[in-house]
Amino acid sequence: MIVTELSKGTKLYLLVGGRGTRLLPVTNGKPKPMVDIKGKPFVQWVLDNLSGFDVTLVCSDLNYEYFKNLGVDVFNEGEPSGTAGFLRKVNLPETFYVMNGDTFFSDNINLDSEKSTIFVAEEEVTNDVGYIEGKDGMVQYFVEKDPGAWGKKLVSLGIYKLYRNEIEIPNMLPISMEYDILPKMELSYKVVNTDKFDIGTPERLKKFRDWVC
């Protein structure tokens, strides 16, 4: 279960706009988070694993029809505008969380933090995984998919707590959370221990299905 206890009802924007092209033909035109897992869409597994948040799904015209009847608030940003384009389009609260909607975490994670924070795990890196370098609990810089990296690194879980007044939102679209927002912030990091199931490829999807069954 992923929880917040510091402030019940804190807004969490769950990003579900990916088209899942690497999952073809499994997705059959559906967005990744709508892939069926044991009788319910993957995104429902993610939602059922959250506690204490006011959740809004963020999608675009491309996939709004798939999410509008899930019984949870949905923000349709219209034209796809990157992983952070929605920041220019919503009325942001003072503090909020952002989380990728294609990843499930099997362990208990408390996301309470009083600073802008990126949540990370120690993982063996591969050439398609970015990571952060940190010191004394603060992010020093981001490394994107370093083919020469080896050993354990601090890998982003795709979960962030952000404060509105600490974000510099560029006057452009699309906007990338990973390239245009986070590297320009003064971010703390919090290491958590969890099993992560990213369903971005058929192999990773199978791993989650095997775990569920």
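Modelled spin labels at ASN69 and ASN49, positioned 7 Å past Cα toward Cβ, are 2.6 nm from each other. In region 1-123, a dipole from Cβ-located charges (positive for Lys and Arg, negative for Asp and Glu) runs towards its positive end, and of GLN44, ASN69, VAL16 it is ASN69 whose Cα lies farthest in that direction. Enumerate the aspartates and glutamates that LYS153 could reach by cross-link, defined here as Cα to Cα under 19 Å, with residues fewer than 8 away along the same chain left out. The qualifying aspartates and glutamates are GLU122, GLU123, GLU124, ASP128, GLU133, ASP136, GLU144, GLU178, ASP195, ASP198.
At 222 nm, what value in deg cm²/dmol follows for the chain if DSSP H runs of at least 4 each add -39500 (n - 2.57) and the sum is divided by all its residues, to the nearest 500?
Result for the chain: -2500 deg cm²/dmol, rounded to the nearest 500.
Look at where the Cα atoms of region 114-165 and of region 32-83 average out, and the two centres are 25 Å apart. Pairs LYS161/LYS207; LYS30/LYS206; LYS11/LYS145; LYS32/LYS206; LYS11/LYS32; LYS38/LYS145: which exceed 25 Å Cα-Cα? Listed pairs above 25 Å: LYS161/LYS207; LYS11/LYS145; LYS38/LYS145. Rolling a 1.4 angstrom probe over the chain with all protein chains present gives an accessible area of which 45% lies on carbon and sulfur atoms. Looking at region 1-133 from every direction and averaging, what is the projected area of its Cα convex hull in nm²? Projected over every direction and averaged, the Cα hull of region 1-133 covers 9.4 nm². Quick one: which residues, 5+ away or cross-chain, put their amide H under 5 Å from the amide H of ASP54? H built at 1.01 Å from N. Correct list: GLY9, THR10, LYS11, LEU12.
With all protein chains kept in place, the per residue accessible area of the chain amounts to 51 square angstrom at a probe of 1.4 angstrom. Label-point separation (nm) for THR56 and ASN193, each offset 7 Å from Cα along Cα-to-Cβ? Result: 3.6 nm between the two label points.
Under a Gaussian network description of the chain, with springs only between Cα atoms under 10 Å, the residue in GLU77, GLU203, GLU186 that fluctuates furthest is GLU203.
Consider all pairwise Cα distances in region 60-213 and report the whole-number % of them above 20 Å.
Working: 6674 of 11781 pairs.
Percent of Cα pairs beyond 20 Å in region 60-213: 57.
When the Cα atoms of region 68-152 are aligned to their principal axes, the ranges along those axes come out at 43, 30, 28 Å in descending order.
Taking TYR160, TYR179, TYR64 as the candidate residues, the one with maximal mean-square fluctuation in a Gaussian network model of the chain, Cα springs under 10 Å, is TYR179.
Suppose every Lys and Arg Cβ carries +1 and every Asp and Glu Cβ carries -1, with no other charges. What dipole size does the chain come out with about its Cα centre, to the nearest 20 debye?
Values: 25 positive and 31 negative charges, 100 e Å.
So the magnitude is around 480 debye.
The values are calculated or read from the model by the stated rules, or taken from the named source; none is laboratory data. Keep in mind the model is a prediction, meaning the values are calculated, not measured. Because the Cβ atoms are built from the backbone with ideal geometry, glycine has one as well, and the counts that use them run over all protein chains shown. SASA here: full protein model, heavy atoms, side chains in, ligands and nucleic acids out. Shrake-Rupley method; radii C 1.70, N 1.55, O 1.52, S 1.80 Å.
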